[in-house]
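Only one structure is covered here, and it is reproduced in the block below.
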Amino acid sequence: MHTIIGRGFTLMLLLGFVLSYAAAQAATANLPPLVPCEDAAEGMPCVVVVTEMDAIAGVWRRYYMGATDMAFTEFREDGTFAIVQSLPGDARISGTVRFEDGVAAFAANPDGPAPPACVAPGMYELRLIRVGDRPVVLTFSLANEDQCAPRVGDFSRPMVFYGGTGAELAMDPDVAALAQPLVPCPDEVDEAYPCDVVVTHAEQAAGIWKQYMGRPDLMAPGGMAYQRINPDGSIVLAGTPENTVAPSGSFPFGTLTFEGGEVHLSVDAPNVPPSCQTAVSRYHLYRYGDQPVALLMAPIEDTCEPRLRDTRTPFIWVAGLD
């Protein structure tokens, strides 16, 4: 009984956060992909806007129950989906996905356990992050209002493409779901597959990443910028990868401090409003084998609306550090 009450209280707190986060979700819809697949070099991470079911058909590991649990979603080419807790397993929730004008309408079946608000369609823009033709991560951005709070919570985090049996995946019930990887990366890579890591030290995320940067005063080209994360935890943003070597112009720079699974950001750049000087986040690193693919800065404590908007979408890996 206490476990149920505790989970319910956690769910209410989380849903309150993700619903307030919905505006940041919607702000990323309709933006150009960070690295369009048609422009990407061979074997490099890239992004494509999903417009048909064939592009995402298969099994995906995802957060569930307002992101308080984990489950699997199978997307089928016939436009249906099923959420199962284990593989194989009976569908907990099933429904349909309909694409129109680059937007996907998700609706749970009315004869299932989903509440009426989740039977009504929720409109999302889907983006598939790939390495070459291999699917790795699927992201969701609100394209219109969605009254289904659990769906908003679940779609606030990416899904990871999954080709296994589920036997090797075990969620720790004593640790918050969002503090755990969906598909843990192995210590040694014998066979490449999509996986993710909860980052606990800067070396894991070191590299140059492309992200959105919508602040008009920075005049970032195309509303995008590059962030260098150094092994010592220092970060530098700039308009080009080359300019991330050292702080330049008005772009932010700062320091990341890692405490367990939490990442504490301190922004050192001048003219930064107090609400944007610090943040506490959780970094999820998505890989394909040893290849870094994407990095999600998932907020825990952050009141900086521009940063919440810009970091709603995972960063895309563009280069390692020489």
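What follows is calculated from the coordinates using simple rules that are stated; it is not laboratory data. Treat the numbers as computed from the prediction; the structure is a model and nothing was measured. Every residue, glycine as well, gets a Cβ built from its backbone with ideal geometry; the counts of neighbours run over all protein chains shown.
How far is helix 2-20 tilted, in degrees, relative to the longest principal axis of the Cα atoms in the chain, given as a value from 0 to 90 rounded to the nearest 10?
60 degrees
How big is the charge dipole of the chain about its Cα centre, in debye rounded to the nearest 20, if each Lys and Arg gets +1 on its Cβ and each Asp and Glu gets -1 on its Cβ?
Value, rounded to 20: 680 debye.
Using a simple charge model, +1 on the beta-carbon of Lys and Arg, -1 on the beta-carbon of Asp and Glu, nothing else, what dipole does the range 175-252 show about its Cα centre, in debye to the nearest 20?
540 debye
So how strong a dipole does the range 152-311 carry about its Cα centre when Lys and Arg Cβ are +1 and Asp and Glu Cβ are -1, to the nearest 20 debye?
740 debye
In terms of the Cα gyration tensor, with a ≥ b ≥ c the square roots of its eigenvalues, is the range 28-106 rounded because a/c is under 1.5, prolate because a/b exceeds b/c, or oblate?
In terms of gyration-tensor shape, prolate.
Can you list residues whose amide H is under 5 Å from ASP69's amide H, if they're 5+ apart or on another chain and H is modeled 1.01 Å from N?
TYR64
Report the label-to-label distance for ASP190 and VAL245 in nanometres (one decimal), using points 7 Å from each Cα along the Cα→Cβ vector.
Between ASP190 and VAL245, the simple spin-label model gives 4.3 nm.
With a ≥ b ≥ c taken as the square roots of the eigenvalues of the C-alpha gyration tensor of the range 168-246, please select rounded if a/c is under 1.5 and otherwise prolate if a/b is larger than b/c or oblate if it is not?
Prolate, since a/c reaches 1.5 and a/b exceeds b/c.
Please state the relative contact order of the range 210-266 as a whole percent: Cα pairs under 8 Å, 6+ residues apart?
23 percent
Report the Cα-based extents of the chain along its three principal axes, largest first, to the nearest Å.
Largest first, the chain extends 58, 44, 41 Å along its Cα principal axes.
Please sort 278-284, 154-160, 205-211 by packing, taking for each peptide the average over its residues of neighbouring beta carbons within 10 angstrom, highest first.
Put in order of decreasing packing, that is 154-160, 205-211, 278-284.
Could you grab the relative contact order for the range 109-195? Cα pairs under 8 Å, six or more apart, rounded to a whole percent.
This gives 22 percent for the range 109-195.
Which one, CYS46, TRP209, LEU178, projects farthest toward the positive side of the charge dipole computed for the chain from Cβ point charges (K/R +1, D/E -1)?
Value: LEU178.
Which shape class applies to the range 223-280: rounded if a/c is under 1.5, otherwise prolate when a/b exceeds b/c and oblate if not, where a ≥ b ≥ c are the square roots of the Cα gyration tensor eigenvalues?
Here the range 223-280 falls in the oblate category.
If you take every residue apart from ASN30 with its C-beta less than 14 Å away from the C-beta of ASN30, what net charge results, scoring Lys and Arg +1 and Asp and Glu -1?
Spelling it out: positives minus negatives among the neighbours equals +1.
Taking the Cα atoms of the range 192-322 alone, what are Rg (to one decimal) and Dmax (as a whole number) in Å?
So, for the range 192-322, Rg and Dmax equal 13.7, 44 Å respectively.
Starting at the first residue of the range 300-313, write each ³J(HN,Hα) from the Karplus equation 6.51 cos²θ - 1.76 cosθ + 1.60 with θ = phi - 60°, in whole Hz, x for Gly and Pro.
Running phi through 6.51 cos²θ - 1.76 cosθ + 1.60 with θ = phi - 60° gives 10, 9, 7, 10, 8, 4, x, 5, 4, 5, 6, 9, 4, 8 Hz.
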